Amino acid sequence: MPDQQIVIHVNGSPISVPAGSMLSAALLMASAPCRISTTGEPRTALCGMGICLECRAIVNGVPHTRTCQTVCQEGMRVETQS
Amino acid sequence: MKPADVLVIGAGPAGLAAATAASRNGCRVAMLDDNPAAGGQIWRADITRPHDEDPARAAAIADFHTSGAALLPGRRIVDVPSPSTLLAEAGGHFETYRWDRLILATGARERFLPFPGWTLPGVFGAGGLQALVKGGYPVAGKRIVVAGTGPLLLAVAAHLREYGASIVTVVEQASTLQMLPFAASLLRSPGKLLQGAGYRRTLGATPYQTGCWPISGQGDETLRSVTLTNGRRTWTVECDLLACGFHLVPNTELAQLLGCTLQGSFVQVDSQQQTSVAGIYCAGEPTGIAGVDAAQVQGEIAGLAAADCSPPPTRLLARRAKEAAFGRRLTHAFRLRPEVLKLASQETIVCRCEDVTFSQLQTRSNWTDAKLHTRCGMGPCQGRICGSATEALFGWQLTSVRAPLFPIPVSAFCDESSSLNAPSAR
Ligand SMILES: Cc1cc2nc3c(=O)[nH]c(=O)nc-3n(C[C@H](O)[C@H](O)[C@H](O)COP(=O)(O)OP(=O)(O)OC[C@H]3O[C@@H](n4cnc5c(N)ncnc54)[C@H](O)[C@@H]3O)c2cc1C
Ligand code: FES
């Protein structure tokens, strides 16, 4: 494991993750869905490689960000997208 | 004469080999990829084991860097504004790249087939879960079912096991009989056989159930159990996660947008990996699913051809032929049984972006009709997931590919620093 931990905010709550983690992995660690589907289902990452867009979330205010291709940065704010 | 500007799209084994070969032979080379680091799928960087490098990956990346080629990560090709330029989106702004020679090494994605419960949190692609674990998702102590088809299942199961997961079972839809010729042929490829044996060793007593497939996943907010069948009986196993993928489908959208001819599902190439469009080459999985060795040798041939070093050395041609034969055996061994194409029930969501169910699609006559009336395929994946699903369920062929290839963030249109006329790659 990388030694350094960083703190990000998932739906307003701080969580500590290893530096270099993908945001999709951090959302899974926080048990937070990436997005809520059009019929209200919680969804998390599926393909892990930028294809399915199930992992899209609001990152630092920017919606539709693919969390599986975004590396966590100290202080990053991510919200489940609905 | 100025050296040719070669642009390589995709930094997997094929792209790395292509860029290295072209750069070593005098071209100015830039390689773009949408991920934050080079490696593609098989050599995806593992954040939890930064020092534990796969020697093949380390060698390929070192060769790439010493060749002098440039890596431009975090850039996704979204459009082809003119015949010799590509538009990339990078972190919310646009960049334009010109090229004299273009090498497409865009790889493949997993095939997903819908079944009841496949949209539950806790259900992932097989390679998908592997990628998430490499991205830092801890699976120690989790009970995982690995299911679907293809050699990736064993690789993924072994990988998850190494990270402390408890693999409940690996279920492979192909029957032992169907896989036998493939297994026997591995005796002719000692490297691949050893790799397979390594996976088996890691997996120890974990069951590998052939001729079995998942029929549903159960759970409220998240997955709790998976129901499996062998066609005669069904049984349910409790688990925390399901890693499920049905082999691979090629990423051919960019090639199609550039006007390259397909042969079946794959990009058609000649003996030098050149597509039907002059100056555009293609290497790796978009030309056929045949694994990492095929991707590397095709990449090298494409790189040499782009640098005008022809004809390709016979040793490379011989290796390519051998790997292509391996790919054909692979495809044959892991061909899908009809049952797995029909797992969706009336209520099963087929299009995950727009939540379109099987029953809504059932009455439509083709892909275009379904798009117009149900919004199936109109969401941000642009049919990459539901397209393979509706092909399996209804036999629909996807209609033409349109730009942008991926949804573009609004910020890119507002960003004044977006360089729509940037000169060449470097
Ligand atoms: C999820 C997954 C996991 C896999 N894991 C294994 C494994 O563990 N072992 C194994 O033997 N095989 C694995 N495979 C099979 C693997 O595809 C091949 O062995 C090998 O990686 C193929 O190399 P390639 O260079 O053709 O493509 P890839 O390695 O797929 O590389 C293609 C690259 O192009 C990028 N790309 C595609 N389109 C664009 C675009 N428009 N703009 C910018 N970049 C783009 C992709 O993001 C990717 O990084 C896996 C496949 C998948 C889909
Ligand atoms: S998990 Fe599929 S795009 Fe991120």
Handout entry: Radius of gyration, Dmax [the protein assembly as shown; alpha carbons; angstrom]
Key = 21.9, 69
Fill in the blank from the handout: Under the 7 Å Cα-to-Cβ spin-label approximation, B:LYS322 and B:SER271 lie apart by a distance in nanometres of 2.0 nm
Practice task
Take every DSSP beta bridge whose two residues both sit in chain B, then give the antiparallel share in percent to the nearest 5.
Solution key: 45 percent
Problem - Cα gyration tensor shape for chain A, rounded if a/c is under 1.5, else prolate or oblate - result: prolate
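So, R0 is 22 Å and r is the distance between the beta-carbons of B:ARG98 and B:THR261; what FRET efficiency does that work out to, to 0.05?
On the way: r = 23 Å, r/R0 = 1.07.
Computed FRET efficiency for B:ARG98 and B:THR261 comes out at 0.40.
What accessible area per residue comes out for region B:112-246, rounded to a whole number of Å², with a 1.4 Å probe? Intermediate results must be reported in sequence, preceding the final value.
Values: 5070 Å² over 135 residues.
With all protein chains present, region B:112-246 gives 38 Å² per residue.
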Problem - region B:112-246, relative contact order [Cα under 8 Å, separation at least 6], % - result: 37 percent
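Could you give me D for region B:344-394, from Stokes-Einstein at 10 °C and 1.306 mPa s, where the hydrodynamic radius is the Kirkwood radius over C-alpha pairs? Units µm² s⁻¹, please. Present the calculation step by step, with values, prior to reporting the outcome.
Numbers: Rh = 10.3 Å.
Answer, rounded: 154 µm²/s.
Given the Cα-Cα distance of B:ASN230 and B:LEU177 and 0.36 nm per residue of separation, how much length would full extension add, in nm? Mind showing how you got there, number by number?
Working: separation 53, 0.36 × 53 = 19.08 nm, distance 1.41 nm.
Value of the extension gain: 17.7 nm.
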Problem - Mean residue ellipticity (222 nm) of chain B, computed from DSSP H runs ≥ 4 via -39,500 (n - 2.57), nearest 500 - result: -9500 deg cm²/dmol
Handout entry: Occluded residues from region B:21-56, i.e. those whose accessible area drops by 40 Å² or more once the chain is not alone (1.4 Å probe)
Key = B:PRO36, B:ILE47, B:THR48
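Please report the net charge: other residues with Cβ closer than 9 Å to the Cβ of B:ARG75, K and R +1, D and E -1.
Details: positive: B:ARG76; negative: B:ASP33, B:ASP34, B:GLU89, B:GLU95.
Around B:ARG75, the surrounding residues sum to -3.
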Practice task
Over every pair of different alpha-carbon atoms in chain B, take the mean of 1/r and invert it; report that Kirkwood radius in Å.
Solution key: 22.5 Å
Handout entry: the protein assembly as shown - percent of accessible surface contributed by carbon and sulfur, probe 1.4 Å
Key = 54 percent
Handout entry: Per-residue ³J(HN,Hα) for region B:145-150, Karplus 6.51 cos²θ - 1.76 cosθ + 1.60, θ = phi - 60°, Hz, x for Gly and Pro
Key = 9, 10, 9, x, 7, x
Exercise for the section: Provide the per residue accessible area, probe 1.4 Å, for region A:5-79, rounded to a whole number of square angstrom. Expected result: 34 Å²
Handout entry: Extent along principal axes [Cα atoms of region B:112-246; Å; largest to smallest]
Key = 48, 38, 25
Exercise for the section: Give the cysteines in chain B for which no other Cys Cβ lies under 4.7 Å away, or write none if there are none. Expected result: B:CYS27, B:CYS212, B:CYS239, B:CYS244, B:CYS260, B:CYS282, B:CYS309, B:CYS353, B:CYS381, B:CYS414
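What FRET efficiency do you get for B:LEU372 and B:PHE413 if R0 is 22 Å and r is their Cβ-Cβ distance, rounded to the nearest 0.05? All intermediate terms of the calculation are to be shown ahead of the outcome.
On the way: r = 27 Å, r/R0 = 1.21.
Plugging the Cβ-Cβ distance into 1/(1 + (r/R0)^6) gives 0.25.
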Practice task
Would you work out the relative contact order for region A:5-79, in percent, from Cα pairs under 8 angstrom that are 6 or more residues apart?
Solution key: 38 percent
Practice task
Within a 10 angstrom radius of each residue's Cβ in A:65-76, how many Cβ atoms of other chains show up on average? Whole number is fine.
Solution key: 3
Fill in the blank from the handout: Taking every residue of B:118-129, the Cβ atoms of other protein chains inside 10 Å of its Cβ average out to 5
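In square angstrom and rounded to 100, what buried accessible area do you get between chains B and A, total over both, with the probe at 1.4 Å? Write out the running numbers ahead of the final one.
Values: alone 18780 and 4630 Å², together 20480 Å².
It comes to approximately 2900 Å² buried between B and A.
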Handout entry: Probe 1.4 Å - accessible area at B:CYS27, Å² to nearest ten
Key = 10 Å²
Practice task
Compute the accessible area of each residue in region B:131-146 twice, once for its chain alone and once with every protein chain present, using a 1.4 Å probe on heavy atoms, and list those whose area falls by at least 20 Å².
Solution key: B:LEU132, B:GLY135, B:GLY136, B:TYR137, B:PRO138
Handout entry: Residue-level accessible surface for B:LYS134, protein heavy atoms, 1.4 Å, Å²
Key = 20 Å²
Exercise for the section: Would you tell me the accessible area of B:ARG98, worked out with a 1.4 angstrom probe on the heavy atoms of the protein chains, in Å² to the nearest 10? Expected result: 110 Å²
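Tell me the relative contact order for chain B as a rounded percent, counting alpha carbon contacts under 8 Å between residues six or more apart. Intermediate results must be reported in sequence, preceding the final value.
Values: 916 pairs, mean separation 91.3, N = 426.
It comes to 21 percent, rounded to a whole number.
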Handout entry: For region A:51-66, Karplus couplings with θ = phi - 60° (6.51, -1.76, 1.60), whole Hz, Gly/Pro x
Key = 9, 7, 6, 5, 8, 6, 8, 8, 10, 6, x, 9, x, 6, 7, 6
Practice task
Could you do me a favour and compute the accessible area per residue for region B:344-394, 1.4 Å probe, result in Å²?
Solution key: 38 Å²
Practice task
Evaluate region B:216-302: find the radius of gyration of its Cα atoms, find its Kirkwood radius, and give the ratio Rg to Rh.
Solution key: 1.25
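The values are calculated or read from the model by the stated rules, or taken from the named source; none is laboratory data. Only a predicted model underlies this, so the values are computations on that prediction, with no experimental measurement involved. Don't worry about glycine lacking a Cβ; one is built from the backbone with ideal geometry, like all the others, and counts go over all protein chains shown. Side chains are part of the model used for accessible areas, which takes the heavy atoms of the whole protein and leaves out ligands, DNA and RNA. Shrake-Rupley method; radii C 1.70, N 1.55, O 1.52, S 1.80 Å.
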